[in-house]
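Worksheet: the structure to be examined is printed underneath.
The values are calculated or read from the model by the stated rules, or taken from the named source; none is laboratory data. All of these numbers come straight from a predicted model, not from anything done at the bench. All Cβ positions, glycine included, derive from the backbone under ideal geometry; neighbour counts span all protein chains shown. We work out accessible area using only protein heavy atoms, side chains counted, and drop any ligands, DNA or RNA first. Shrake-Rupley method; radii C 1.70, N 1.55, O 1.52, S 1.80 Å.
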Amino acid sequence: MDDLEKAILISFDESGTIDPGLKSQAVAYCQQMKETPSVCRLCIERFSYTKFVQVQFWCLQTLHEVLRLRYSSVNPEEKSFIRNSVLSMACSDGGDDKNSVRVLDGPAFIKNKFAQVFVTLIYFEYPMIWSSVFVDFLPHLSKGSKVIDMFCRVLNALDDELISLDYPRSAEEVAIAARVKDAMRQQCVAQIVRAWYDIISLYRNSDPELCTGILDSMRRYISWIDIGLIANDAFVPLLFDLILVEGLPDQLRGAAAGCVLAIVSKRMDPGSKLSLLRSLQISRVFGLVAGDVDSELVSKLGVLLSGFAAEALDCSKRLESEEMKGVSMELLDEVLPSVFYVMQNCELDTTFNIVQFLSGYVSTLRTLSPLKEKQVVHVRQILEVIHAKICYDPVYRDNLSIPDKIGIEEEDRMMEYRKDLFVLLRSVGRVAPDITQMFIRNLLASALVTSSDRNVEEVEAALSLFFALGESLTEEAMRTGNGFLRELLPMLLSATFPCHSNRLVALIYLETITRYVKFIQDNDQCIPLVLAAFLDERGIHHQNFNVSQRASYLFMRVVKLLKAKLVPFIETILQSLQDRVAQFTHLDWKGKDLKGLGSEDGSHIFEAIGLLIGMEDVPLEKQSEYLSSLLIPLCKQVQELLLDAKVQNPEESSAKIANIQQVVMAINALSKGFSERLVTASRPAIGSMFKQTLDVLLQILVVFPKIDPLRSKVTSFIHRMVETLGAAVFPYLPRALEQLLADSEPKEMVGLLVLINQLICKFNILVRDILEEIFPAIASRVFSVLPRDGIPSGLGSNTEEIRELQELQKTLYTFLHVMTTHDLSSVLLSSQSRGYLDPIMQLLLYTSCNHKDITVRKSCVQIFIKLIKDWCTRSHDEEKVPGFRNFIIETFATNCCLYSVLDKSFEFRDANTLVLFGEIVVAQKVMYEKFGNDFIVNFVLKGFPTAHCPQNLAEEYCQKLQGSDIKILKQFYQSLIEDLRRLQNGTFVFR
């Protein structure tokens, strides 16, 4: 063993026993050898005698790399030596030297790498230099199976490396592939096809594995060679003979089916294709499909028949002759039963899109009315296929019931997979509504009489089909219903499936009822059945927590739709929900009852109850009784938990917080059913109950001031009470806002500002006194939190802290915008707030000129427009806000209305930017109306010259400004800005 072999063996060693330094040296030495001029000759000679497969592989890999990357630098003599050697190695039957190593005797990976080397020579040299490569190879096939196997590998490698369009190709590769294919067609394809035929005929019984390899190679080439060489009286009978003869291996029979599929899929005009399809007499293989559905042969035949059906369907669409269309439909009718069988029972190759084919077939049926008997049968079979394909695999039953990680993944996968199948179902439903509805009816009827949970997946699938069909029904069709709905819904509502304990069955059952609830609106006799389905063990009282939780939400949606019709059933409903309500009114704060409760669990039940008891149809006495029976124990819960808040045990404190959180959510949800008119005007006693509740819940902010989830939930409840109690909430606001403002972080400040925005939008100037009182504290807090030199941006600024500051700043702009547009700008001028006026103006100015978010810039410009209107008059003597007039004329006007729009970053092609530009033009018009010539002198005579504006354009601007048409002014000003930019050659930058 010399140094090169040692180096190669060391570099390939993965045992971990080799010193890393020594391995690095070996790799470097091997790399050095690759750079030597005679490396190709070295590799070929070395390969012939080395006994180590690692060395053989290195030699072939190196030869492949050199040819692929440095072919042009290899001298002609060396190329000739490589060419002759490679052909000799591929066709060698042992030669005289018994000690030489042959490629044909090597392992598969050596033979495949050698085939790559061979194909690289074809890439560069065929047909210009080595024109006889295939002609030279073919006579050697008579030497036996090893040479034939290598010939197959070369053809496969040629397809993989160059010809097949399954891989992305460069333009150069596409051109070379065309060159190679053209030369092969002209020179040797007919000889290769003849060799294929002879080899298969000779070896079909003695070496079926070899024949399988030949057929797999042949399948690759059928798409681009002359189809007459294969689709003829010799080859087609041979292929069908291989498929049909029992006793041959399934792999060989499947490979023959693959070749027939390649013939079927050959691109050609529809007339020729139809003739070809008829000549194949495909019905010969129908009987084989009914065999073992798990066998490789049945799967391959399934793909063949599916491909045949797809081509027949394509012919029917492309042919114009009615007679020819009829022939293609006859072929389709003949093959479809077998296709449906394999679709339903076998795993087809993923390259065949079942849904795409079936959708195409259903679309052809739309033009046929009425459907023929065969087509009616096919429609039923399509529905069977859909049902079979949407069924879960029973192997996942336990995973889906929990569900665990595997179950969740399978559910997500199936949800995605079903989408197209449900679209197909709805298409079938439009073509054959009666058949579709009867099919689903029979499935559900069958599911109801199943005596065990043996067919869980089929029941779930049947319900899913009924659910999916509902998506295509109009609201009118849903309300009025038809025989189908009138029969099925009552049957479904009164049903308890044997497998109802299964999570997926229970969930789709409830979802289906909810989807068809509009029908129930006009069919009062169904209401008791709907309530029972949601309130018993099929729904809210289901043993699976996930089902129970979802049932609560769906029940709330049903109550929203039916609530006026549910008044007679309120007592029954409340009685049924008593145990669920008790979970909230009697929770063990030590956490025992909290286990398993989700963050939103239960709130939907309280919302449903609120919607029911909050109706004016409920008598006041009953309404008060119902509400107090809920609010009193819930508030008592909170009060008891707050009494002993300073517990030492962190676990107990955590459990208390979780408990309070749940109670606040429950009360909040309950209140959603009560309107402001009811609690303030018609039934103030109900309003008093909510005021007392608000009083209790505000204590949470005092006892737990820094617990973010609690602050968030209480803030949400205040939002709700603003809508429910209206102006009656005012006495509670100062205390609430004071608590929410105390030591608030940026995220909490955002929540507070959103609450104040709600108050302003609802009550307008009625909140002026409250706002004047708290504004200084808000401004102080905001300006102490926001950085004076701006929020950092760029690399490393995408942190939670920075995002919270950005959100606070954005919400502050919204707050100022809401204030000014609701006639509350005077709040900024109160004696306590005046000190913040200058920083607010500077912030608004900077933002209106520079902020990346154009909508934020627009808001700031609108704020300035409103402040100018509120605070400025045409008279110098009546300056409401000293200095504001000069600030607007000298600073805002030039910086925002001129310099910021001159900046090249101001993009007129952007729709939002154009809206901002419109506001900037409005601002100029308002400034002219308020300040007259003072504005023109500063803006036009001082500002325009700095932008090098020609005198004639400045004068024209003044004319347009003084005119009455804002649209004309906007168009001119945009044109002016674009002209000024061109004059500056894009170099003007706003400072």
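Tally up the residues in segment 35-57 that are modelled with pLDDT under 90 and part of a helix (DSSP H, G or I), please.
2
Is one or more of the residues making up segment 280-295 over 38 Å from the mean Cα position of the chain (by Cα), more than 21 Å from residue 346 (Cα to Cα) and either modelled with pLDDT of 95 or more or polar (S, T, N, Q) (or both)?
yes
Checking the structure you have, find out if any residue of segment 145-153 is in contact with an Asp or Glu (Cβ under 8 Å, 6 or more places away or on another chain) and polar (S, T, N, Q).
yes
Quick one: in segment 319-349, which of the residues that are among the charged types (D, E, K, R) and within 35 Å of the chain's Cα centre (by Cα) is nearest to residue 306 (Cα to Cα)?
The selected residue is 349.
Would you mind stating whether residue 636 is of a type outside the set (Ser, Thr, Tyr), at pLDDT below 95, closer than 23 Å to residue 687 by Cα and part of a helix (DSSP H, G or I)?
When the stated conditions are applied, residue 636 passes them.
So which of 412, 398 is in a helix (DSSP H, G or I), open to solvent by 20 Å² or more (accessible area, probe 1.4 Å) and farther than 21 Å from residue 353 by Cα?
398
Return the only residue of 320, 347, 330 being farther than 30 Å from residue 212 by Cα, among the acidic types (Asp, Glu) and not in a helix (DSSP H, G or I).
320
To keep it simple, each residue is scored yes or no on (1) at pLDDT 90 or above; (2) closer than 18 Å to residue 578 by Cβ.
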| position | (1), (2) |
| --- | --- |
| 598 | no, no |
| 603 | no, yes |
| 613 | yes, yes |
| 616 | yes, no |
| 624 | yes, no |
| 642 | no, no |
| 655 | no, no |
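Which of the helices (runs of 4 or more DSSP H) contained wholly in segment 480-591 include at least 3 residues that are hydroxyl-bearing (Ser, Thr, Tyr) and closer than 24 Å to residue 603 by Cα? Can you show your working first?
Values: elements: 483-493, 503-515, 517-521, 527-535, 545-562, 570-585.
It comes to 503-515, 545-562, 570-585.
Could you identify the single residue in 303, 289, 298, 339 that is among the aliphatic types (A, V, I, L, M), surrounded by 23 or more Cβ atoms within 10 Å (Cβ to Cβ) and more than 13 Å from residue 277 (Cα to Cα)?
It is 339.
Here is a yes/no grid of residues against (1) more than 53 Å from the chain's Cα centre (by Cα); (2) within 30 Å of residue 173 (Cα to Cα); (3) assigned by the TED database to the domain that holds residue 140:
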| residue | (1), (2), (3) |
| --- | --- |
| 23 | no, no, no |
| 43 | no, yes, yes |
| 49 | yes, no, yes |
| 61 | no, yes, yes |
| 71 | no, yes, yes |
| 74 | no, yes, yes |
| 100 | yes, no, yes |
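Return yes when residue 557 is open to solvent by 20 Å² or more (accessible area, probe 1.4 Å) and modelled with pLDDT of 90 or more and no when it is not.
yes
Taking residue 407, is it farther than 20 Å from residue 506 by Cα, open to solvent by less than 90 Å² (accessible area, probe 1.4 Å) and part of a helix (DSSP H, G or I)? Steps first, please.
On the way: farther than 20 Å from residue 506 by Cα: no; open to solvent by less than 90 Å² (accessible area, probe 1.4 Å): yes; part of a helix (DSSP H, G or I): yes.
No, not satisfied.
Just the residues that are open to solvent by 10 Å² or more (accessible area, probe 1.4 Å) and out of contact with any Leu (no Cβ under 7 Å at 6 or more places or on another chain), please, taken from segment 239-257.
The answer is 241, 244, 245, 246, 247, 249, 251.
Given 206, 223, 201, which one is exposed (fewer than 14 other Cβ atoms within 10 Å of the Cβ) and outside any helix (DSSP H, G or I)?
Going through 206, 223, 201 in turn, just one is exposed (fewer than 14 other Cβ atoms within 10 Å of the Cβ) and outside any helix (DSSP H, G or I): 206.
Residue check: is residue 772 open to solvent by 60 Å² or more (accessible area, probe 1.4 Å) and not assigned by the TED database to the domain that holds residue 659?
So residue 772 fails the test.
Residue-by-condition table, conditions (1) touching a Ser or Thr at 6+ places or on another chain (Cβ under 8 Å); (2) among the charged types (D, E, K, R); (3) touching a residue at least 12 places away in the same chain (Cβ under 8 Å); (4) open to solvent by 30 Å² or more (accessible area, probe 1.4 Å):
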| position | (1), (2), (3), (4) |
| --- | --- |
| 364 | yes, no, yes, no |
| 384 | no, yes, yes, yes |
| 387 | no, no, yes, no |
| 393 | no, yes, yes, yes |
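Determine whether residue 666 is in contact (Cβ under 8 Å) with a residue 24 or more places away in the chain, of a type in the set (Gly, Ala, Ser) and open to solvent by less than 10 Å² (accessible area, probe 1.4 Å).
Judged against the criteria, residue 666 is a match.
List the residue pairs whose Cβ atoms are under 9 Å apart, where the first residue sits in segment 473-484 and is without any contact (Cβ under 8 Å) to a residue 40 or more places away in the chain, the second is of a type in the set (Phe, Trp, Tyr), and the two are 6 or more positions apart or on different chains.
473/516
List pairs: first in segment 314-330 and free of Cβ contacts under 8 Å to residues at least 12 places away in the same chain, second surrounded by 14 or more Cβ atoms within 10 Å (Cβ to Cβ), Cβ under 7 Å, 6+ apart or cross-chain?
Filtered contacts from segment 314-330: 325/316; 325/319.
Restricting attention to helices (runs of 4 or more DSSP H) lying wholly within segment 234-297, give those where 2 or more residues are under 28 Å from residue 207 (Cβ atoms).
235-244, 250-264, 286-289
For segment 692-710, which residues satisfy the criterion of being under 22 Å from residue 623 (Cβ atoms) and surrounded by fewer than 17 Cβ atoms within 10 Å (Cβ to Cβ)? Lay out the reasoning, then the answer.
Going through segment 692-710, the residues under 22 Å from residue 623 (Cβ atoms) turn out to be 692-697.
Hits for segment 692-710 are 692, 695.
From the list 820, 799, which one is open to solvent by less than 10 Å² (accessible area, probe 1.4 Å) and over 19 Å from residue 741 (Cβ atoms)?
Values: 799 fails: open to solvent by less than 10 Å² (accessible area, probe 1.4 Å).
Answer to the selection: 820.
Which of the residues belonging to segment 24-82 are basic (Lys, Arg) and under 13 Å from residue 7 (Cβ atoms)?
Within segment 24-82, 34, 46 meet the criteria.
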